[in-house]
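The values are calculated or read from the model by the stated rules, or taken from the named source; none is laboratory data. Being a predicted model, the structure only gives us computed values, none of them experimental. Neighbour counts are summed over all protein chains in view; Cβ atoms, including those assigned to glycine, are modelled from backbone coordinates with ideal geometry.
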Amino acid sequence: MPPYEMLYGRKCQTPICWGQIGQREIGIKEIVVATIEKIDLIRTHLKASQDRQKSYADKRRQPIEFQVGDHVMLKVSLWKGVIPFQKRGKLSLRFIGPFKIIAQVGNVAYRLELPDELNKIHNTFRVSHLRKCLADEITYVPQNDIEVDDKLNYVEEPVAILL
């Protein structure tokens, strides 16, 4: 006997008669129609919820575009094993830069003007690895000028003495 019949003491009531020998027929048509209607209702509810979630996500999603001459920050996580940066672990850099955009390559790629320290890396990057730099060019601090010791202290050197 099937497990359902053993557990509940009666035969399973399904739209399709599985337990009968001979020609198989679909059970009562009303049950089959009701089941199909419920499945269609479930599909419409799922589609409505997916559309709602997509509309919520699309409100926040904006296409990222840059112009030639803009300054951008470059994501570093791609090269953590390739190029050694000063800090490691939690304090490691996420983005470096700013770098100037030289040209647009295709719809989602840009060519950057990289310094000589990064000559091992190809200068074309996808837009997902770039962030718009909001700082001025004057505020740029080269990475080689800052030296951090083991205790994460650095020495400030005065640029000029004002009277």
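Working only within the range 57-66, note down all residues that are at pLDDT below 85 and either part of a helix (DSSP H, G or I) or farther than 30 Å from Arg111 by Cα (or both). Listed by number, the list holds a single entry, Arg60.
So is Glu113 modelled with pLDDT under 85, in the same structural domain as Ile101 (by TED's automatic domain parsing) and not basic (Lys, Arg) or not? Spell out the reasoning first.
Details: modelled with pLDDT under 85: no; in the same structural domain as Ile101 (by TED's automatic domain parsing): yes; not basic (Lys, Arg): yes.
When the stated conditions are applied, Glu113 does not pass them.
For the range 67-87, the candidate set comprises residues that are assigned to a helix (DSSP H, G or I) and modelled with pLDDT of 60 or more; within that set, the residue that is surrounded by the fewest Cβ atoms within 10 Å (Cβ to Cβ) is Ser77.
For the range 111-127, name all the residues that are among the polar types (S, T, N, Q) and not in a strand (DSSP E or B).
Within the range 111-127, the subset among the polar types (S, T, N, Q) is 119, 123-124.
Across the range 111-127, the qualifying residues are Asn119, Asn123.
Residues that are hydroxyl-bearing (Ser, Thr, Tyr) and modelled with pLDDT of 80 or more within the range 1-56 comprise Thr35, Thr44, Ser49, Ser55, Tyr56, listed in sequence order. Of the residues making up the range 99-125, those that are under 18 Å from Ser77 (Cβ atoms) and either surrounded by fewer than 13 Cβ atoms within 10 Å (Cβ to Cβ) or without any contact (Cβ under 8 Å) to a residue 12 or more places away in the chain (or both) are Glu117, Lys120, His122. Across the range 138-161, not a single residue is classified as out of contact with any Cys (no Cβ under 6 Å at 6 or more places or on another chain) and at pLDDT 85 or above.
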